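Input: a single structure, listed below in structure tokens.
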Amino acid sequence: MKVRHPTAPHTHTIIFLHGRDSTAREFASELFESQATDGWTLPEALPGIKWVFPTAEMMPPKRFGGEMSQWFDMHTTEDPHELEAEQDMSASNKRIQDIIATEAAIVGAGKVVLGGISQGCAVAIHALLAGNIRLGGFIGVSSWLPRPNNVSCELTAGLHDQAAKTPVLLCHSKDDETIEIRFGKELNDTLVAGGMQVQWCAYPDGGHWINEPQGVDDIVAFVSRVV
């Protein structure tokens with residue numbers, strides 16, 4: 001796990017999950033190189049934030065040999081729903097919820113923001129809903145929603161009534177060739193239909209990453225608003 005401590009008095013914590021086949025250190029380094037319109041990086045724009053970057057476990061993909069860091073094993077990114085009944089997120093969900101509990105004990109659940117990119121976001125949204133606790137916010141980048149029909153039914157039934165009060169920011173670039181934007185829109189539409197407050201941001205470019213500088217601007221504005 002990689003932790004970046006605030007440069008001002010600690011008021012809030014952001015827990016941000018990397019994507020598949022990455023690490024906390026690698027992702028944090030690349031994320032903090034991204035700049036807003038004013039040239040500021042995220043730590044510079046949000047000095048009171050503690051950043052926590054968990055690292056996924058190494059596990060062997062069923063489709064390939066070897067090992068890779070994954071929050072859960074999946075068949076393909078071309079259609080992340082393919083064989084998703086076999087995707088087991090339970091261990092990662094528990095890890096994320098434990099980290100949330102640790103940070104909430106320090107600053108309060110309402111001052112914790114959870115987020116992730118790609119597979120990191122996919123598991124983080126499930127961890128949020130399963131934990132059924134209202135957080136300060138949720139940030140999702142270039143991602144999708146595993147088992148959207150199940151989530152839709154659970155939200156409609158009020159099974160995640162507290163988590164559903166968490167404000168959400170979703171960012172996706174139209175030229176994302178890893179996770180097509182239609183999957184990000186499905187994530188957005190499912191959460192909105194379930195009664196969640198979602199800000200959807202689609203960018204013309206940026207690939208499978210955070211759009212610069214507008215996407216960084218939107219993250220800073222969202223975090224500044226919800227905290």
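What follows is calculated from the coordinates using simple rules that are stated; it is not laboratory data. Everything quoted here is computed from the prediction, not taken from an experiment. Glycine also receives a Cβ, built like all others from the backbone with ideal geometry; neighbour counts cover every protein chain displayed.
Return the loop-located GluC sites (Glu not before Pro) in segment 1-44 (DSSP other than H, G, I, E, B) with at most 11 other Cβ atoms within 10 Å of their own Cβ; answer none if there are none.
Details: sites: E26, E30, E33, E44; in loops: E33.
Answer in residue order: E33.
Return the distance in nm (one decimal) between the two label points of a simple spin-label model at V192 and E67, each offset 7 Å from Cα along Cα→Cβ.
4.2 nm
What list of ³J(HN,Hα) values in whole Hz, one per residue of segment 70-85 in order, does the Karplus curve 6.51 cos²θ - 1.76 cosθ + 1.60 (θ = phi - 60°) give from phi, with Gly and Pro shown as x?
8, 7, 6, 6, 9, 7, 7, 8, 5, 9, x, 7, 5, 6, 6, 4
Per q in 0.09, 0.11, 0.20 Å⁻¹, report the Debye log10 I(q)/I(0) for segment 7-140, using one uniform scatterer on each alpha carbon and no solvent.
With one equal scatterer per Cα and no solvent, log10 I(q)/I(0) is -0.28, -0.41, -1.18.
Please turn the phi angles of segment 196-213 into ³J(HN,Hα) values with the Karplus equation 6.51 cos²θ - 1.76 cosθ + 1.60 (θ = phi - 60°), one per residue in order, whole Hz, x for glycine and proline.
Those phi angles translate into 7, 8, 10, 9, 9, 10, 10, 10, x, 8, x, x, 8, 6, 7, 4, 10, x Hz.
When only alpha-carbon atoms are used, what values of Rg and Dmax, in angstrom, describe segment 118-217?
12.9, 39
Full-extension gain between R25 and M59, please, as 0.36 nm times their residue separation minus the C-alpha to C-alpha distance. Provide the component values of the computation, followed by the final result.
Details: separation 34, 0.36 × 34 = 12.24 nm, distance 1.82 nm.
Length gained, R25 through M59: 10.4 nm.
In deg cm²/dmol, rounded to 500, what helix-only [θ] at 222 nm does the chain give when every DSSP H run of at least 4 residues adds -39500 (n - 2.57) and the total is split over its residues?
Details: 7 runs with 78 residues, N = 227.
Calculated mean residue ellipticity at 222 nm is -10500 deg cm²/dmol.
Under the rule of at least 5 residues apart or a separate chain, name every residue whose amide H is placed under 5 Å from the amide H of K50.
T11, H12, T13, I14
Report the extension gain between E82 and S224 in nm, rounded to one decimal, defined as 0.36 nm multiplied by the number of residues separating them, less their alpha carbon distance. Kindly include the intermediate steps, with their values, before the conclusion.
Values: separation 142, 0.36 × 142 = 51.12 nm, distance 3.69 nm.
Gain in length upon complete extension: 47.4 nm.
Which distance in Å, rounded to a whole number, links the C-alpha centroids of segment 79-130 and segment 1-73?
Each part's Cα centre sits 13 Å from the other's.
How big is the chain by the Kirkwood estimate over distinct Cα pairs, in Å? Please report the intermediate quantities before stating the final value.
Working: mean 1/r = 0.0576 Å⁻¹.
Kirkwood radius, the chain: 17.3 Å.
List the trypsin sites (Lys or Arg not before Pro) within segment 1-81 that fall in a DSSP loop (any state other than H, G, I, E or B) and whose Cβ has at most 14 other Cβ atoms within 10 Å. Present the calculation step by step, with values, prior to reporting the outcome.
On the way: sites: K2, R4, R20, R25, K50, K62, R63; in loops: R20, K62, R63.
Counting only loop positions with at most 14 other Cβ atoms within 10 Å, the trypsin sites (Lys or Arg not before Pro) in segment 1-81 are K62, R63.
Multiply the residue separation of A202 and E44 by 0.36 nm, subtract the distance between their alpha-carbon atoms, and state the gained length in nm to one decimal.
Result for the pair: 54.4 nm of gain on full extension.
Exactly which chymotrypsin sites (Phe, Trp or Tyr not before Pro) in segment 24-94 are in a DSSP loop and have at most 10 other Cβ atoms within 10 Å?
Details: sites: F27, F32, W40, W51, F64, W71, F72; in loops: F32, W40, F64, W71, F72.
Listed in order of number, the matching sites are F64.
Short version: ³J(HN,Hα) in whole Hz for each residue of segment 140-156, in order, from phi by Karplus 6.51 cos²θ - 1.76 cosθ + 1.60 (θ = phi - 60°), x for Gly and Pro, what are they?
Running phi through 6.51 cos²θ - 1.76 cosθ + 1.60 with θ = phi - 60° gives x, 10, 6, 9, 8, 10, x, 6, x, 5, 4, 4, 4, 5, 5, 5, 4 Hz.
If amide hydrogens are placed 1.01 Å from N in the peptide plane, which non-local residues have theirs closer than 5 Å to the one on Q199?
Close amide H contacts, sequence-distant or interchain: V168, L169, L170.
Once you keep just the Cα pairs under 8 angstrom separated by 6 or more residues, what percentage relative contact order results for the chain? Could you put the intermediate results ahead of the total?
Numbers: 487 pairs, mean separation 45.0, N = 227.
Relative contact order of the chain: 20 percent.
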